[in-house]
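Everything on this sheet refers to the single structure shown next.
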Amino acid sequence: MKWAWVAGIVAVCFVIVLSSSIKCRLTLMRRHADDEIVVDVHAMSGLVKQRLSIPVLKLSELQNAFEVKAEVVNKSNNNLEQGSHGKITMERIKQAYDNVQVLLEHCFQFHKWMLETLKHVRCTKLYWKTNVGLGDAAETAMATGLVWSLKSSLLGFLFQFIQLETRPRLLVVPQYNEYAFATEIICIAKIRLFYILLAGIRLLFRILRVKDGLKTWQRVIFKPFEQN
C-alpha cells in the first residue's frame with residue numbers, strides 16, 4: 001500500500017512538471033556601437049532560473065572578426081556558472097552554415113517538425129522600439145515608414161506560426177537632423193515542458209528515418225567539444 005502511495009505521488013509530480021511552462025524572455029538592444037543580447041529562462045514555476053548574457057559584440061578590424069563575450073548566470077543566487085570569450089569570423093559563420101545544411105539533410109522533413117513545434121509556442125509580451133535618423137528630415141520620414149512596413153511584415157509572417165496572446169507594442173521614433181539607429185526588443189514566449197519533450201522524441205524519430213542520421217547529428221553537434 002505504501003508503494004502505491006509513493007507511485008501515486010511520483011506520478012502526480014511528473015504530471016505537474018510536464019504541464020508546467022518554460023518561459024523565455026529575450027532582450028535585444030542596439031545603441032550606437034554597443035550591442036547586448038540577454039536571454040532569461042524560467043522553468044518549473046521559477047525553481048529553475050538561468051540567464052544568458054552577451055553584452056559585447058565588437059568588430060575587430062585587424063582580424064576581421066566579431067569579439068563575443070558570453071555569460072551564463074544562475075538567477076536564483078546570481079552566481080556566474082559559465083563565461084566564455086571568443087571571436088566570430090567569416091570562416092566560422094560559413095562552417096556553421098555548412099553544419100546546419102548537413103543536419104537538415106539528415107533529418108526527415110525538418111521543416112514540418114519545426115512548424116509542429118512552433119504552434120505550441122505562445123507569445124505573451126512583445127515590445128519593439130526603434131530610433132532611426134538619416135540626417136535629413138525628408139529621408140528620415142521615408143526611413144521611418146520603411147521601418148514600420150518591415151516590422152509589420154516580419155511580425156505578420158512570424159505570428160502565422162506562433163500563438164500571439166498579447167497586443168504588440170511597436171514604436172518607431174524618427175531622429176530628425178541627425179544620424180542615429182537604435183533598437184530594443186523585449187519578447188516573452190512560453191511553451192509547456194510536455195511539448196518540448198514531445199518535440200525531442202519526434203525529432204529523434206525523424207533523424208532515425210534517414211540513413212546515418214543519428215551518427216551525423218552526433219558527429220556535427222559534438223565535434224566542437226572534441227576539438228576543445
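Results for (1) more than 21 Å from the chain's Cα centre (by Cα); (2) farther than 23 Å from Val172 by Cβ, shown as yes or no for each residue.
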{"site": "His111", "(1), (2)": "no, yes"}
{"site": "Leu126", "(1), (2)": "no, no"}
{"site": "Asp136", "(1), (2)": "yes, no"}
{"site": "Lys151", "(1), (2)": "no, no"}
{"site": "Leu155", "(1), (2)": "no, no"}
Arg192 passes all but one of the listed conditions (1) open to solvent by less than 90 Å² (accessible area, probe 1.4 Å); (2) farther than 15 Å from Asn131 by Cβ; the exception is number (1)
Restricted to the range 60-84 and to residues being more than 19 Å from the chain's Cα centre (by Cα) and of a type in the set (Ser, Thr, Tyr), the residue modelled with the lowest pLDDT is Ser60
Can you find a residue in the range 194-208 that is in contact with a His (Cβ under 7 Å, 6 or more places away or on another chain), under 26 Å from Ala43 (Cα atoms) and at pLDDT 85 or above? yes
Given the criteria closer than 30 Å to Asp35 by Cα, free of Cβ contacts under 8 Å to residues at least 40 places away in the same chain, open to solvent by 30 Å² or more (accessible area, probe 1.4 Å) and of a type in the set (D, E, K, R), does Arg167 qualify?
yes
Counting only residues that are within 29 Å of Lys190 (Cβ to Cβ), in a helix (DSSP H, G or I) and open to solvent by 40 Å² or more (accessible area, probe 1.4 Å), the range 122-148 contains a total of 1
Of the residues in the range 154-206 that are part of a loop (DSSP other than H, G, I, E, B) and hydroxyl-bearing (Ser, Thr, Tyr), the one that is farthest from Cys123 (Cα to Cα) is Tyr176
Checked Val210, Val147 against criteria (among the hydrophobic types (A, V, I, L, M, F, W, C) and more than 30 Å from Arg25 (Cβ to Cβ)); the one match is Val210
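Being modelled with pLDDT of 90 or more, open to solvent by 40 Å² or more (accessible area, probe 1.4 Å) and touching a Phe, Trp or Tyr at 6+ places or on another chain (Cβ under 9 Å) is true for just one of Lys87, Lys119. Which residue is that?
Only one candidate passes the filter, namely Lys119.
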Only unsatisfied item for Ser153, checking (1) touching a His at 6+ places or on another chain (Cβ under 9 Å); (2) free of Cβ contacts under 8 Å to residues at least 40 places away in the same chain, is (1)
Conditions (1) open to solvent by 70 Å² or more (accessible area, probe 1.4 Å); (2) modelled with pLDDT of 85 or more -> Phe222 fails only (2)
> Is one or more of the residues making up the range 212-220 in contact with a His (Cβ under 8 Å, 6 or more places away or on another chain) and among the acidic types (Asp, Glu)?
Replying inline: yes
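The values are calculated or read from the model by the stated rules, or taken from the named source; none is laboratory data. Please read all numbers here as calculations on a predicted model, not as lab measurements. Positions of Cβ are generated from backbone atoms using ideal geometry, with glycine treated the same way; all protein chains shown enter the neighbour counts. SASA here: full protein model, heavy atoms, side chains in, ligands and nucleic acids out. Shrake-Rupley method; radii C 1.70, N 1.55, O 1.52, S 1.80 Å.
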